[in-house]
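**Q** Starting off with a structure, shown below.
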Amino acid sequence: MTAIKETSTIQENKQYALEQCPVTYVMEKIGGYWKPIIIYHLSQGDKRYSELKRAIPAVTEKMLIQHLKQLEADGLVIREAKPVVPPFVTYRLSTSGKGLMPVIDAMANWAFKDGSGTYKK
């Protein structure tokens, strides 16, 4: 992986945008294709990794693991590992993650109401 030069103009501009624009801040936390989908599925209750994988079959294992780690690092998801054999790990939304549900619900409602006829449930 390429190291990011922290003093670059791009990084300064990104930091400025994060501090000045709330939409940029939210997109930094939940941006990307899979994060909102993971949050949506966790809104329905605690899930084990395998349950998430079944619920989102198109996501690769690498991407699911990577995004779960990022969501956990950002304080949106709580990972709970129970000290048993075999390991029992569950994921759930944190209070901050639950606070995103109006945003995720608005996205889903928009898809249902979009007049283009593209989305079919």
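**Q** If a residue must be within 25 Å of residue 107 (Cα to Cα), at pLDDT 75 or above and surrounded by 10 or more Cβ atoms within 10 Å (Cβ to Cβ), how many such residues does the stretch 8-23 contain?
**A** Count: 1.
**Q** Please identify the pairs in which a residue from the stretch 48-65 that is in contact (Cβ under 8 Å) with a residue 12 or more places away in the chain has its Cβ atom under 8 Å from the Cβ atom of a residue that is assigned to a loop (DSSP other than H, G, I, E, B), counting only partners at least 6 apart or on another chain.
**A** That search, which allows pairs on different chains as well, returns 56/34; 59/34; 63/34; 64/34; 64/56.
**Q** Can you run down the residue pairs with Cβ atoms below 9 Å, 6 or more apart or on separate chains, where the first is in the stretch 109-120 and part of a loop (DSSP other than H, G, I, E, B) and the partner is of a type outside the set (Gly, Ala, Ser) and modelled with pLDDT of 70 or more?
**A** From residues that are part of a loop (DSSP other than H, G, I, E, B), the pairs are 119/112.
**Q** Follow-up. For residues that are in contact (Cβ under 8 Å) with a residue 40 or more places away in the chain and open to solvent by 30 Å² or more (accessible area, probe 1.4 Å), scanning just the stretch 33-47, find the one that is farthest from residue 96 (Cα to Cα).
**A** 47
**Q** Within the stretch 72-95, how many residues are in a strand (DSSP E or B), free of Cβ contacts under 8 Å to residues at least 40 places away in the same chain, more than 14 Å from residue 36 (Cα to Cα) and of a type in the set (Val, Ile, Thr)? Talk me through it step by step, then tell me what you get.
**A** Of the stretch 72-95, the ones in a strand (DSSP E or B) are 77-82, 88-93.
Those still in the list that are free of Cβ contacts under 8 Å to residues at least 40 places away in the same chain too: 77-82.
Subsequent filtering for residues that are more than 14 Å from residue 36 (Cα to Cα) retains 78-82.
In the following step, the residues that additionally are of a type in the set (Val, Ile, Thr) were identified as 78.
The qualifying residues number 1.
**Q** Turning to a different aspect of this structure: Every residue in the stretch 57-105 that is within 20 Å of residue 26 (Cβ to Cβ), of a type in the set (Ser, Thr, Tyr) and open to solvent by less than 60 Å² (accessible area, probe 1.4 Å), please.
**A** Within the stretch 57-105, 94 is the sole residue that qualifies.
**Q** Can you tell me which condition residue 69 does not meet? The list is (1) among the basic types (Lys, Arg); (2) in a helix (DSSP H, G or I); (3) more than 12 Å from the chain's Cα centre (by Cα), and all the others hold.
**A** For residue 69, the exception is condition (3).
**Q** Sticking with this one: Got a number for residues in the stretch 24-66 being at pLDDT 85 or above and not in a helix (DSSP H, G or I)?
**A** Residues in the stretch 24-66 being at pLDDT 85 or above and not in a helix (DSSP H, G or I): 13 in total.
The values are calculated or read from the model by the stated rules, or taken from the named source; none is laboratory data. Keep in mind that this is a model prediction, so the values were computed, not measured. Glycine also receives a Cβ, built like all others from the backbone with ideal geometry; neighbour counts cover every protein chain displayed. The area values use the complete protein model at the heavy-atom level, side chains included, leaving out ligands, DNA and RNA. Shrake-Rupley method; radii C 1.70, N 1.55, O 1.52, S 1.80 Å.
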